[in-house]
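The values are calculated or read from the model by the stated rules, or taken from the named source; none is laboratory data. Just so it is clear, the model here is predicted, and its values are computed rather than measured. We place every Cβ from the backbone using ideal geometry, glycine too, and count neighbours over all the protein chains shown. Note: areas computed on protein heavy atoms with side chains; ligands, DNA, RNA excluded. Shrake-Rupley method; radii C 1.70, N 1.55, O 1.52, S 1.80 Å.
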Amino acid sequence: MIQRIQTVYLALAFIVSGILSLVFPLWKDATGADFHVGQNTAYVLLFGLTAALSIISIFSYKKRQTQFVYNRVNIILNFILLGLFVYQSLNLSGETNVSEKGIGMFLPLVSIFLLVFANKAIKKDEDLVKSADRIR
């Protein structure tokens, strides 16, 4: 069933990872130029992979355990992405010129929260199905 609440959470995670990551800059360098995701292939691959996992998880709604595992892998990928952003922000050159961190650096954190909410809803559905099987 695609109309479940975890589908909404997963669709929002896809929007954050797949679309908003391309819109918002990650940071501004010492010259004041915006640094976007498209300027680094590793970031493009990781954001693309998290967006793809969100879509795959949406369409695997009949297999709740598989959907749960996809979301866990997606959370791990977002933590890796967040770690790369923290590492990069600590090593930005020209810190004396006050480079600014962009809102794009917080997108993996938003995606993690949405995936956790989706996993809670999936777990709730799984418990409901198990309790209905016990009654029969």
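Using R₀ = 35 Å, calculate the FRET efficiency as 1/(1 + (r/R₀)^6) where r is the Cβ-Cβ separation of residue 34 and residue 63; round to 0.05. Numbers along the way, then the final one.
Numbers: r = 41 Å, r/R0 = 1.16.
Efficiency at R0 = 35 Å is approximately 0.30.
Using R₀ = 22 Å, calculate the FRET efficiency as 1/(1 + (r/R₀)^6) where r is the Cβ-Cβ separation of residue 101 and residue 76; round to 0.05.
Efficiency for this residue pair is about 0.45.
Quick check for you: which residues of segment 11-35 have the amide N under 20 Å from the point 7 Å beyond the Cα of residue 90 toward its beta carbon?
Inside the label zone: 26-30.
What figure in square angstrom, to the nearest 10, would you give for the accessible area of residue 133 with a 1.4 Å probe?
Around 90 Å² of this residue is reachable by solvent.
Work out how far the C-alpha atoms of the chain reach from end to end along every principal axis, then list the three figures in whole Å, largest first.
68, 20, 19
Would you be so kind as to identify all helices of the chain, as entire DSSP H runs, whose Cα atoms reach 20 Å or more along the helix's own axis and whose mean Kyte-Doolittle hydropathy is at least -0.5? Display every interim value, and only then the final one.
Details: long enough: 41-59 (27 Å, 2.06); 64-90 (39 Å, 0.70); 107-135 (43 Å, 0.53).
Long hydrophobic helices here: 41-59, 64-90, 107-135.
Less than 26 Å apart at the alpha-carbon level, and either on another chain or at least 8 residues along: which lysines does that give for residue 63?
Cα-Cα hits under 26 Å: 120, 123, 124, 130.
For the chain, what does the helix formula give at 222 nm: sum of -39500 (n - 2.57) over DSSP H segments with n ≥ 4, over the residue count, nearest 500 deg cm²/dmol? It would help to have the intermediate numbers written out before the result.
On the way: 4 runs with 85 residues, N = 136.
Calculated from helices alone, the mean residue ellipticity at 222 nm is -21500 deg cm²/dmol.
With charges only on Cβ, +1 for K and R and -1 for D and E, what is the dipole size of the chain about its Cα centre, in debye, rounded to 20?
Numbers: 13 positive and 8 negative charges, 189 e Å.
About 900 debye.
Straight-line reach from residue 28: which lysines fall under 18 Å, measuring Cα to Cα and dropping same-chain residues less than 8 apart?
Within the straight-line limit of under 18 Å, residue 28 reaches these lysines: 101.
Solvent-accessible area per residue for segment 26-136 at a 1.4 Å probe radius, Å²?
Numbers: 6680 Å² over 111 residues.
Spelled out: the 1.4 Å probe surface of segment 26-136, per residue, equals 60 Å².
How much of the accessible area of the chain, in percent, comes from carbon and sulfur atoms when a 1.4 Å probe is used?
Numbers: 5530 of 8050 Å².
Solvent-exposed carbon and sulfur of the chain make up 69 percent of the total.
Say R0 is 41 Å: what FRET efficiency, to the nearest 0.05, do residue 130 and residue 109 get from their beta-carbon distance? Provide the component values of the computation, followed by the final result.
Numbers: r = 32 Å, r/R0 = 0.78.
Computed FRET efficiency for residue 130 and residue 109 comes out at 0.80.
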